[in-house]
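Here the structure is laid out as structure tokens; the discussion comes afterwards.
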Amino acid sequence: MIKLTCPVCDRPEIEDNICPNCETDLSLIRQLQELPVVDEELIAIPAESLLNTQPNISVKLVILAILILVLGFGLGAIGTSLFAQQPSPSVSTATTITPLPALKPPAIKSTPKFTRSQSSCGGFYYTVKRGDSLNRIAAQFYGNSQFLSKIVAANPTLKGRESSIEIGEVFFVPNLEKNCP
């Protein structure tokens with residue numbers, strides 16, 4: 001089986017169709033790599049077949065796709081017009097509406113850009129999502145939550161607050177040394 005290098009995080013020698021570092025789907029790249037090489041000089045098209053002007057199957061498929069697209073737009077427009085005419089609920093004049101106070105979006109802390117040291121061979125930036133913790137992130141990308149110290153070492157601003165990362169925070173996740181070329 002052909003071993004690939006991930007085009008997103010540069011992880012080398014990947015044997016599966018999904019990069020274990022950044023979960024990039026590599027199946028199309030693998031299929032392209034496994035295509036046989038064809039010599040164009042060996043392919044000869046007889047002159048008789050050039051005179052045969054039967055419609056190509058791909059032309060039929062394109063016409064069918066356009067018809068389905070037009071039909072979809074038409075049905076969408078009909079559905080929108082049917083459901084858009086629903087009456088809005090009435091509001092009593094006796095109710096008092098008090099405006100809500102203006103909400104400020106939470107400040108997103110961003111760690112400084114990672115500078116590659118001699119001991120690092122790349123990695124990628126990760127944005128914290130709901131339910132994430134450094135233990136879960138290390139387990140997801142390294143297969144073991146014990147490696148969270150690698151993430152903290154690459155992002156000094158995380159030191160001392162390993163259990164209090166915030167949603168939307170961006171930090172660098174370095175590749176493991178065993179995955180370096």
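The values are calculated or read from the model by the stated rules, or taken from the named source; none is laboratory data. As the structure is a prediction and not an experimental result, all values here were calculated from the model. Every residue, glycine among them, receives a Cβ derived from its backbone with ideal geometry; neighbour counts consider all protein chains shown.
Residues checked against (1) farther than 30 Å from G122 by Cα; (2) at pLDDT 85 or above; (3) assigned by TED's automatic domain parsing to the domain that holds I165:
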residue	(1), (2), (3)
D25	no, yes, no
L28	no, yes, no
L64	yes, yes, no
F73	yes, yes, no
A84	yes, no, no
S88	yes, no, no
S92	yes, no, no
I97	yes, no, no
P101	yes, no, no
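For the stretch 115-134, give me the residue count where each residue is surrounded by 15 or more Cβ atoms within 10 Å (Cβ to Cβ), over 18 Å from the mean Cα position of the chain (by Cα) and at pLDDT 85 or above.
Matching residues across the stretch 115-134 total 2.
Does T80 satisfy the condition of being closer than 30 Å to C180 by Cβ, modelled with pLDDT of 70 or more, not small (G, A, S) and not assigned by TED's automatic domain parsing to the domain that holds Y142? Walk me through how you get there before you give the answer.
Values: closer than 30 Å to C180 by Cβ: no; modelled with pLDDT of 70 or more: yes; not small (G, A, S): yes; not assigned by TED's automatic domain parsing to the domain that holds Y142: yes.
Considered against the rule, which asks whether it is closer than 30 Å to C180 by Cβ, modelled with pLDDT of 70 or more, not small (G, A, S) and not assigned by TED's automatic domain parsing to the domain that holds Y142, T80 comes out as no.
For the stretch 165-175, check the following and say yes or no: at least one residue is surrounded by fewer than 18 Cβ atoms within 10 Å (Cβ to Cβ) and under 17 Å from N21 (Cβ atoms).
Yes, there is a match, as at least one residue in the stretch 165-175 is surrounded by fewer than 18 Cβ atoms within 10 Å (Cβ to Cβ) and under 17 Å from N21 (Cβ atoms).
Restricting to the stretch 134-181, count the residues that are farther than 25 Å from T5 by Cα and touching a residue at least 60 places away in the same chain (Cβ under 8 Å).
4
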